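**Student:** My questions will all concern the structure given below.
Taken together, the values in this text are just the output of simple stated rules run on the coordinates, not laboratory data. Since this is a predicted model, take the numbers as computed values, not measurements. Backbone-built Cβ (ideal geometry, glycine too); neighbour counts: all protein chains shown.
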Amino acid sequence: MAIDYQTTLDEIVIETLIYKEKGKVADYIPELAKVAPDQFGIFLQLLDGESYYTGDAFTRFSIQSISKVFALTMAFSFLGEKLWERVGVEPSGTAFNSLLQLEYEKGIPRNPFINAGALVVADILVSHLNDPKKELLHFIRHLSGGEKVSYNKAVALSEKRNGYRNMAVANLLKSFGNIQNPVEKVLDLYFNMCSIEMSCEELAKTFLLFVNHGKIPGSEDEILTKSQTKRLNALMQTCGFYDESGEYTFAVGLPGKSGVGGGIIALYPEKFTISVWSPRLNEKGNSVRGIKALELFTTKTGMSVF
């Protein structure tokens, strides 16, 4: 029996209304604190081209840590397996901006999705690109199939003015020799990539790469090999939700990545991507309503990787 996806999404909107006012926006980044907190959107993109959506699915928001997947994809394509000499692949078990774990592990971040790991990835891009900000944005636009994705300068500046902990992490990495470029250049790229704005629709379409074994659908453009795509999907499953990755996997059962802007992208290889946006976060930095929406989606459809 075919799944009625639109009815499923409409049901999820109603059934998650009880979570509408739970959690709070990421007010430690002042610019994000200005976002209207009760917005909610879902966009489901099937690999065969069909799509379904509801709510604020076309409103752009700051994707924050979701951008780490794009940066990692570029770095992996440059370095291959050598990348893992500078950053690990294990879940962190501690806060995404932990200094203690980085000190204990002598400057090798636990995985590329915590802030320390993403800063190492940013350093790799600075080493390999002539104009890192411009070329990273061009890469994301290429994946999305459009030219409208851009940085939010106000958000980037807000992060720069308040990013003392990230500055500390970057300098600690530098002290261990795992930042090779000037710290200021690496931080500039990092703050800007976190400020990238996309809609649920754009995220869902851009992440089809990871559903389609590393190729952009409808083309022969191979961004990653099939093996590399498998590895990044595995990392999203085990490390994509900060130190709530295990609970997320238990509830939802799809590889994915969240950001403190309230966005979540999840995927099922060879089948679909689904993106959700709801700005109110739980204590771990993940969207309260967004995670519940994805849990309901996989429960109602029976479509999880497990």
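**Student:** If you rank Met74, Met303 by fewest surrounding Cβ atoms within 10 Å, what's the result? Working shown, then result.
**Tutor:** Values: Met74 20, Met303 15.
Ranked by crowding around the Cβ, least crowded first: Met303, Met74.
**Student:** Can I ask one more? If one computes P(r) from the Cα atoms of the chain, what percent of pairs lie at distances over 32 Å? Show your work: numbers first, answer last.
**Tutor:** Details: 8890 of 46665 pairs.
Considering the chain, 19 percent of its Cα-Cα pairs are separated by more than 32 Å.
**Student:** Tilt of helix 226-239 relative to the longest C-alpha principal axis of the chain, in degrees (0 to 90, nearest 10)?
**Tutor:** 90
**Student:** Moving on. Given only helices, namely DSSP H runs of n ≥ 4 each adding -39500 (n - 2.57), what is the per-residue ellipticity at 222 nm of the chain, to the nearest 500 deg cm²/dmol? Present the calculation step by step, with values, prior to reporting the outcome.
**Tutor:** Details: 13 runs with 136 residues, N = 306.
The helix-only estimate for the chain comes to -13000 deg cm²/dmol at 222 nm.
**Student:** Another question, if that's okay. When the chain is modelled as a GNM with alpha-carbon springs shorter than 10 Å, which of Asp243, Asp27, Asp56 fluctuates the most?
**Tutor:** Asp27
**Student:** List every residue whose amide H lies under 5 Å from the amide H of Met198, counting only residues 5 or more places away in sequence or on a different chain, with H placed 1.01 Å from N in the peptide plane.
**Tutor:** So Met198 has HN proximity to Phe61, Ile63.
**Student:** Using only Cα atoms, find the angle between the long axis of helix 67-79 and the longest principal axis of the chain, and express it within 0 to 90 degrees, rounded to the nearest 10.
**Tutor:** On a 0 to 90 degree scale, this one is about 60.
**Student:** Turning to a different aspect of this structure: Given a 10 angstrom Cα cut-off, can you work out which residue in Gly290, Gly145, Gly259 is the most mobile in a GNM of the chain?
**Tutor:** Sorting by GNM fluctuation, first place goes to Gly145.
**Student:** Once you have the alpha carbon radius of gyration of segment 168-282, what is it after dividing by 2.2 N^0.38 Å, with N set to its residue count?
**Tutor:** Working: Rg = 16.0 Å, N = 115, 2.2 N^0.38 = 13.4 Å.
So segment 168-282 has a normalised radius of gyration of 1.20.
**Student:** Is there a pair in Lys271/Lys292; Lys82/Lys215; Lys205/Lys300; Lys22/Lys153; Lys34/Lys133 whose C-alpha atoms are over 27 Å apart, and which pairs would that be? Could you put the intermediate results ahead of the total?
**Tutor:** Details: Lys271/Lys292 21 Å; Lys82/Lys215 22 Å; Lys205/Lys300 23 Å; Lys22/Lys153 29 Å; Lys34/Lys133 25 Å.
Long pairs (Cα-Cα over 27 Å): Lys22/Lys153.
**Student:** Karplus couplings for segment 199-212 from phi (6.51 cos²θ - 1.76 cosθ + 1.60, θ = phi - 60°), rounded to Hz, Gly and Pro as x?
**Tutor:** For segment 199-212, the Karplus curve yields 9, 4, 4, 5, 4, 4, 6, 5, 7, 4, 3, 7, 8, 9 Hz.
**Student:** Same structure, new question: How compact is segment 1-109 by the rule of thumb for globular proteins, expressed as Cα Rg over 2.2 N^0.38 Å? The partial results should precede the final answer.
**Tutor:** Details: Rg = 19.2 Å, N = 109, 2.2 N^0.38 = 13.1 Å.
Rounded to two decimals, the normalised Rg is 1.47.
**Student:** Restricting attention to segment 19-83, which GluC sites (Glu not before Pro) occupy a DSSP loop and are surrounded by at most 13 other Cβ atoms within 10 Å? Intermediate results must be reported in sequence, preceding the final value.
**Tutor:** Values: sites: Glu21, Glu31, Glu50, Glu81; in loops: Glu21, Glu31, Glu50.
Answer in residue order: Glu21, Glu50.
**Student:** Please list, in order along segment 27-43, the HN-Hα scalar couplings obtained from phi with the Karplus expression 6.51 cos²θ - 1.76 cosθ + 1.60 (θ = phi - 60°), rounded to whole Hz, x for Gly and Pro.
**Tutor:** 6, 6, 10, x, 5, 6, 5, 7, 6, 4, x, 9, 6, 7, x, 9, 9
**Student:** From the P(r) of segment 114-168, could you give the percentage of C-alpha pairs in the tail past 17 Å?
**Tutor:** Details: 798 of 1485 pairs.
Considering segment 114-168, 54 percent of its Cα-Cα pairs are separated by more than 17 Å.
**Student:** Each residue of segment 4-10 in turn: what ³J(HN,Hα) in whole Hz from Karplus with 6.51, -1.76, 1.60 and θ = phi - 60°, glycine and Pro shown as x?
**Tutor:** So the J values, rounded to whole Hz, are 8, 5, 5, 4, 4, 5, 5.
**Student:** Something else now. D for segment 1-42, whole µm²/s, Stokes-Einstein with Kirkwood Rh over alpha-carbon pairs at 20 °C and 1.002 mPa s: what number? Provide the component values of the computation, followed by the final result.
**Tutor:** Details: Rh = 12.4 Å.
Value of D from the Cα-based Kirkwood radius: 173 µm²/s.
**Student:** In which sequence would Val155, Val149, Val13 go, from the one with the fewest C-beta neighbours within 10 Å to the one with the most? Write down the numbers at each step before the final one.
**Tutor:** Working: Val155 25, Val149 22, Val13 16.
Ordered from fewest to most neighbouring Cβ atoms within 10 Å, Val155, Val149, Val13 come out as Val13, Val149, Val155.
**Student:** Using every alpha carbon pair in segment 182-250, what percent of pairs falls into each 5 Å bin from 0 up to the bin containing the largest distance?
**Tutor:** That works out to 3, 14, 14, 16, 23, 19, 8, 2, 0, in percent per bin.
**Student:** Further question on the same structure: Quick one: helix 164-175 against the long Cα principal axis of the chain, what's the angle to the nearest 10°, folded into 0 to 90?
**Tutor:** 50
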